[in-house]
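Reading through the structure tokens given below for one structure.
The values are calculated or read from the model by the stated rules, or taken from the named source; none is laboratory data. On a predicted model such as this, the values are computed, not experimentally measured, just so you know. Every residue, glycine among them, receives a Cβ derived from its backbone with ideal geometry; neighbour counts consider all protein chains shown. Note: accessible area is taken over every heavy atom of the protein model, side chains too, but ligands, DNA and RNA are not part of it. Shrake-Rupley method; radii C 1.70, N 1.55, O 1.52, S 1.80 Å.
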Amino acid sequence: MMSGQTNRIARLSIMIALMLVLGWLDRAIPLGSILGGSLPGVKLGLANTVLLYAVYLMNPGSALLLLTAKVLLSGWLFGSFSAILYSLSGGILSLAAMLALRGRNPAPGRIILTSVAGAMAHNLGQILMAAA
């Protein structure tokens, strides 16, 4: 039987690995091209479903750890330093918005609202980083 700390580390490790795989899959789906090429850089945000899970079913510290690990590892594996800066700025603002909206009752409508607000906050965070 695993201790509580070992169980937490194992769960977070699996979730980080899942986020990396889903992030890679996100990059493999040319959504911008499918939508007529008018929206470069647009992604489905598959990896953020794992973060949404963490927002509702884990503590904020664990969600922040997942976000930070995903941004740093995916930036190192697939991106660049500037990609890490943009992703981290968007991710932190997105996480803050999702944590603020999550509520206590994870009803489907509330989860969708939280997800959409997180996506919008992520875009805003990246725009603010570009402006800075």
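Quick one: which of L52, L101, L72 is touching a Ser or Thr at 6+ places or on another chain (Cβ under 6 Å), closer than 27 Å to A132 by Cα and hydrophobic (A, V, I, L, M, F, W, C)?
Working: L52 fails: closer than 27 Å to A132 by Cα; L72 fails: touching a Ser or Thr at 6+ places or on another chain (Cβ under 6 Å).
None of the other options fit; the residue is L101.
Every condition in (1) of a type outside the set (A, V, I, L, M); (2) in contact (Cβ under 8 Å) with a residue 12 or more places away in the chain; (3) under 25 Å from I9 (Cα atoms) holds for G125 except the one numbered (3).
Which residue is nearest to V55 (Cα to Cα), if the candidates are limited to region 83-112 and must be outside any helix (DSSP H, G or I) and in contact (Cβ under 8 Å) with a residue 24 or more places away in the chain? Per the criteria, the residue is R102. Considering only residues in region 51-60 that are part of a helix (DSSP H, G or I) and farther than 16 Å from L113 by Cα, the one that is least open to solvent (accessible area, probe 1.4 Å) turns out to be P60. From the residues in region 22-43 that are under 29 Å from G103 (Cβ atoms) and at pLDDT 80 or above, which one is surrounded by the fewest Cβ atoms within 10 Å (Cβ to Cβ)? So the residue we want is D26.
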